[in-house]
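The values are calculated or read from the model by the stated rules, or taken from the named source; none is laboratory data. What you see is a predicted model; the values in this text were computed from it and never measured. Neighbour counts run over all protein chains shown; Cβ positions are idealised from the backbone, glycine included. Please note that ligands, DNA and RNA were not included when accessible areas were found on the heavy atoms of the full protein model with its side chains. Shrake-Rupley method; radii C 1.70, N 1.55, O 1.52, S 1.80 Å.
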Amino acid sequence: GERAASERGLILAAQNLAVAVDREDSSTIRALQMLSTSDRLARGDLAAFYNEAKRAADTQPTWRAVTLATSDGRQVFNTSYPSGMPLPQVAEPDSLRRVVETREPVVGHLARSVRGISCAPPTATSH
């Protein structure tokens with residue numbers, strides 16, 4: 001009856017949400033993989049790459065920032081901070097460690113930044 005219909009509606013809503021999240025994750029991974037092939041990054045021109053990453057982040061409504069980090073978790077830059085500002089370690093080092101180990105994209109866990117801001121799951125790529 002009514003309870004079964006409600007349950008079917010909830011299941012359908014959950015399935016639709018899962019599809020939307022998967023689609024967003026795939027889109028984010030593709031965008032970050034494309035960014036990781038930047039000529040500016042390959043040349044080591046980090047100032048120019050910061051600007052490119054900031055422009056990319058500004059076009060993505062679900063992104064808080066783009067972070068470039070070393071394999072040990074030191075942030076080289078984070079587009080939510082002014083360029084050249086001292087930065088903390090990455091907020092979610094386990095995902096970074098998996099990226100370094102597998103050289104494959106990883107969708108991380110929810111993490112809280114040092115500024116106390118809840119962050120969306122980081123998606124990391126390795127180049």
Criterion (modelled with pLDDT of 90 or more and either out of contact with any Gly (no Cβ under 6 Å at 6 or more places or on another chain) or surrounded by 13 or more Cβ atoms within 10 Å (Cβ to Cβ) (or both)) met by exactly one of 92, 52: 52
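Mind checking which residues of the stretch 3-28 are among the acidic types (Asp, Glu) and either in contact with a Cys (Cβ under 8 Å, 6 or more places away or on another chain) or open to solvent by less than 60 Å² (accessible area, probe 1.4 Å) (or both)?
Start the filter on the stretch 3-28 by keeping residues that are among the acidic types (Asp, Glu), which leaves 7, 22, 24-25.
Within the stretch 3-28, just 25 meets the criteria.
Only one residue in 115, 43 is modelled with pLDDT under 85 and either more than 16 Å from the chain's Cα centre (by Cα) or open to solvent by 80 Å² or more (accessible area, probe 1.4 Å) (or both), so which one is that?
Working: 43 fails: modelled with pLDDT under 85.
The unique qualifying residue is 115.
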Sole residue being in contact with a strand residue (DSSP E or B) (Cβ under 6 Å, 6 or more places away or on another chain) and either under 23 Å from residue 109 (Cβ atoms) or not in a helix (DSSP H, G or I) (or both), chosen from 98, 23: 98
Only one of 65, 31 that is in contact with a strand residue (DSSP E or B) (Cβ under 8 Å, 6 or more places away or on another chain) and either closer than 25 Å to residue 101 by Cβ or open to solvent by 70 Å² or more (accessible area, probe 1.4 Å) (or both): 65
Tally, over the stretch 62-86, of residues that are part of a loop (DSSP other than H, G, I, E, B), among the aliphatic types (A, V, I, L, M) and under 19 Å from residue 45 (Cβ atoms): 2
